[in-house]
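The structure appears right after this line, and notes come after that.
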Amino acid sequence: MRVVSFTSFGDPGVLTVAEAPLPQPEEGQVRIRVEAATLNPADVAARSGAFGPMLPAGPRYVPGWDVAGMVDAVGPATSGFELGDRVVGMSDWLATKRGTHAEFVVLDAAAIAPAPAGIHPAEAATLPVNALTADQALDLLGLAEGQTLAVTGAAGAVGGYAVELARHRGLDVIGIGSAQDETFISGLGAAFLPRSDDPVHALRAIAPEGVDGLLDAAVIGPQTLAAVRDGGAFVSMMPPATPAAERGIRVETVFVRSDGARLRDLVALVEQGLLTLRLSRTFAFEQAAEAHELFAKGGIRGRLILVP
């Protein structure tokens, strides 16, 4: 099978399309014929070597966490899916190194869910990692209905889902983003707050006692903790941007994990029109380096997708 891969860390030029053995599903697993796979920040980090000792040099790495495709083979003693089922799923890549930027990928059946009905695979592939990240971040925040959540990067891939999921949970949401995203963020049901050099001052201006919780989806950093009230909650997207706890605030870092059962719930929200899938552009495997280069420029609304 064809895969997008790299054998050394570096700029997008290290990516190649190579041949790899066809993987075989074991007990509790399915093989998926990939129709679309998302390019995520973690893929760029892996290729560049930013994971450091978490990703020691190996003979070949195939990146990719998200997948939308069709069940092609089912392992022994595996139930819940049949040949031909269209599914979406997430690879716990750092643990398994089973990349989805390939013609076929084997995943645990517990990591996948039926694809949203009537949705193109390229759009469906934008759901698993980012929506699960947002959902699991909200679980960590543990806010109650009626409380106030601030989301930085509210127009981003994770932030947009977080706003919609938080509204679905009955939270009042303040979405921070650039001026060009005001219509989008407001349309998700959040109170829009323009991005500024002093987000804490801006948030305190409309929530003088501090917000109940804050999800730093834009990775602004520890200084945003000052916008949270005493005893509130804060969730960071990565350890270097996670502040030390203070004033009784619960501080967490979200590390996304596959969860097929919860993914089914998120698919249902898509089908009900309560979650907005955002696709920016698709690329053939041979254009993977171009996709990585475009991603690095930033400012993209919606996800970049690789298709075999």
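The values are calculated or read from the model by the stated rules, or taken from the named source; none is laboratory data. Not measured: the values here are computed from a predicted model. Note: ideal-geometry Cβ built from the backbone for every residue, glycine included; neighbour counts use all protein chains shown.
Here LEU225 fulfils each of the conditions (1) in a helix (DSSP H, G or I); (2) buried (at least 24 other Cβ atoms within 10 Å of the Cβ) apart from (2). Of VAL151, VAL88, all but one fail to be under 17 Å from the mean Cα position of the chain (by Cα), outside the structural domain of ASP181 (by TED's automatic domain parsing) and either in a strand (DSSP E or B) or over 21 Å from ALA227 (Cβ atoms) (or both); the exception is VAL88. Taking ALA68 as the residue in question, decide whether it is hydrophobic (A, V, I, L, M, F, W, C) and surrounded by 16 or more Cβ atoms within 10 Å (Cβ to Cβ). Here the answer is yes, as ALA68 does meet what is asked.
Note on the stretch 257-308: residues that are in a helix (DSSP H, G or I), outside the structural domain of ILE112 (by TED's automatic domain parsing) and surrounded by fewer than 21 Cβ atoms within 10 Å (Cβ to Cβ) amount to 7.
Residues that are touching a residue at least 60 places away in the same chain (Cβ under 8 Å) and either assigned to a strand (DSSP E or B) or not assigned by TED's automatic domain parsing to the domain that holds THR16 (or both) within the stretch 57-81 comprise ASP66, VAL67, listed in sequence order. Restricting attention to the stretch 247-278 and to residues that are in contact (Cβ under 8 Å) with a residue 40 or more places away in the chain and touching a strand residue (DSSP E or B) at 6+ places or on another chain (Cβ under 6 Å), the residue that is nearest to VAL158 (Cα to Cα) turns out to be VAL254.
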